[in-house]
Amino acid sequence: MKHSSNRQRAPHQFCCMFAMVIFLLGCNAPEENISETNQEELTSDLEMLASEEALVKAFNWAKNKALSYAHDGSDPVGYWYEAALPNREAFCMRDVSHQVIGAEILGLSKHNFNMLQKFAENISPEKDYCSYWEINRQNKPAPVDYENDKDFWYNLPANFDVLSAAYRAYLWSGNKDYLEDPDLINFYGLTIKEYVDHWDLGHDEILARDRSLNLPGAAEGASSEASPEGTRFGKHRGIPTYNEGGRGETILGIDMTASLISAYKSYSEMLKLSGEPGKAEEYLEKARSEQEFLDEFWWDRELREYRSIWYSDKTFDYFMVGDNQAFLHYLYYFEAISDQEKITGLVEEYASKFDELIVELQSYLPIMFYENGKTALATKMIIDLCGPGNQRRDYPENSFTVIEHLTRGLMGINVDAASNTFSTLSRLEENGSWVEMRNIPLLSGKVSVKHYGTSRTIVSNLDGQPLKWQAQMPGTHKFLYVNGIKEPCSPGKNYGQPYSFCTVDLESGDQAAVSIEP
């Protein structure tokens, strides 16, 4: 988390210099209170086969590594997987939010729900509507990040990230507890209203907000390692971005705005599903207002690129590499950018500099490359991320997200529980290649998907409820062939690239093939 194993300086909680000092002073002592437990080794029947052997090898490594971090529920915290530094034996809000879909694909639905619920149940007014940034296996706030309710580490995008992750977990799993659980409902409501208001995070307040907002002068009961201000964490209680570096005092990061847009949209959709269309529209309108703010404040019209960090001297940073890493990928991750020209510019920038980024940030990129026509680069990244040459490949976020990149990115599989539909779109580079994923958990069952290049896809509904399969084929076609029968199809676009699709009903046990030729 905040301090990386190789001591390099990096953004977010991974390794800022402040956290380095805490580490060297021995303040991250939770491990001393953690006892070993005999846990059942978790397995998954998820498989990948492909014409490219190196890709299969990468998948197998990622699957086995991710499962090695999953715990069987015998710890006090219940079902959980590691989502922090290796061997920290804890999970953090940002990392869990990013790992959640990879975990769903690995069959760790119980783990996801339990961990997100743990964050939800620990939100409180005493912590200014924050939760615990990081929770350990003993079901306690990790001491490395927490002193007391007035003195702890917190990056403010976290609440919005967790809310959005819960919605994504619902869409993939169909678990209605994400819409109905009292602790989660309470967390969503407090986050989207009290948290926003209490920390002045709305577009109409954020440029004038006090960077020291809600900071105690001297927290009661602070440890002997407390800062000169009387707290261990000082202004790290309420960082307005996931970026923890920079060349001066950070007032705001673009990811703060992007995460709020995502949260408003996600909450709006959940309200619709819960039968509250009026409130849903209210929060969708809030999302639109934040989007307008992002498009005006963060987009530099003269340079035609996004700003990323705003400092107290009223200057900006843009795309950053080296010690101070770029955070513009959050625009894509939080779906806060819809202009395809701007997306293409962002993709090209990352494509030219991806090898200068640390593992935590590289772990966001392959799906962005897959979805924007850079399959070869995305596949190379995945092979490199999983290979022995990557000295930080054991970081849990790496293995979990590789599973998502291959499933949602290369295979183009997405799920919408609200309509009981899943879609596929091959992003293979050449028609002579093929790839198959078997036993993919989604909704209440499992499916297998096999792509032959970009011209033919076979899907099996292995078990569970009847499903609607939206079979998307790259290119513009007048007809598609469903099990060899010519059928009309409809046009669509995916990140500026056209595709044609038809919808196939699949009963449990059914198999169907869709192709562009008979």
Please state, as a whole number in µm²/s, the translational diffusion coefficient that the Stokes-Einstein equation yields for the stretch 307-457 at 4 °C and 1.567 mPa s, with Rh defined as the Kirkwood radius across alpha carbon pairs.
77
When the scattering of the chain is computed by the Debye formula from its Cα atoms alone, each counted once and equally, what is log10 I(q)/I(0) at q = 0.07, 0.12 Å⁻¹?
-0.37, -1.14
Cleavage-rule hits, trypsin sites (Lys or Arg not before Pro), the stretch 223-330, DSSP coil, Cβ neighbours within 10 Å at most 13:
Arg247, Arg301, Arg304, Lys314
What list of ³J(HN,Hα) couplings, whole Hz, do you get for the stretch 47-63 from phi and the Karplus terms 6.51, -1.76, 1.60, once you set θ to phi - 60° and write x for glycine and proline?
9, 9, 10, 7, 6, 9, 4, 5, 5, 5, 4, 5, 4, 4, 5, 4, 4
Viscosity 1.306 mPa s, temperature 10 °C: give me the Stokes-Einstein translational D for the stretch 63-127 in µm²/s, with Rh taken as the Kirkwood radius over C-alpha pairs.
131
In the stretch 460-490, the trypsin sites (Lys or Arg not before Pro) that fall in loop regions by DSSP, at most 15 other Cβ within 10 Å:
Lys478
Under the Karplus curve 6.51 cos²θ - 1.76 cosθ + 1.60, θ = phi - 60°, whole-Hz ³J(HN,Hα) for the stretch 86-91, x wherever Gly or Pro sits:
x, 6, 5, 6, 7, 9
For the stretch 509-518, in order, what is each residue's ³J(HN,Hα) by Karplus, 6.51 cos²θ - 1.76 cosθ + 1.60 with θ = phi - 60°, in whole Hz (x at glycine and Pro)?
x, 6, 10, 9, 10, 10, 9, 8, 9, x
Just need the relative contact order of the stretch 362-462 here, percent rounded to a whole number, with Cα pairs under 8 Å and 6+ apart.
19
Please list the radius of gyration and Dmax for the stretch 73-173, considering alpha-carbon atoms only, with Å as the unit.
12.7, 37
Please calculate the 1.4 Å probe accessible area of Ser515, with all protein chains present, and give it to the nearest 10 Å².
10
Relative intensity, log₁₀ I(q)/I(0), of the stretch 370-518 from a Debye sum that treats every alpha carbon as a point, q = 0.14, 0.20, 0.21 Å⁻¹
-0.68, -1.25, -1.34
Alpha-carbon centroid distance for the pair the stretch 79-99 / the stretch 484-509, whole angstrom:
37
Would you check the accessible area of Ser508, probe 1.4 Å, heavy atoms only, in square angstrom rounded to 10?
60
Accessible surface of the chain [probe 1.4 Å, protein heavy atoms]: carbon and sulfur percent:
47
Amide H partners (placed H, <5 Å) of Ile239, local residues excluded:
Tyr154, Asn155, Leu156
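The values are calculated or read from the model by the stated rules, or taken from the named source; none is laboratory data. Just so we're clear, the structure is a prediction, and the values are computed from it rather than from any experiment. Here the Cβ is made from the backbone with ideal geometry for all residues, glycine too, and neighbour counts use every protein chain on show. Heavy atoms of the whole protein, side chains included, go into the accessibility calculation; ligands, DNA and RNA do not. Shrake-Rupley method; radii C 1.70, N 1.55, O 1.52, S 1.80 Å.
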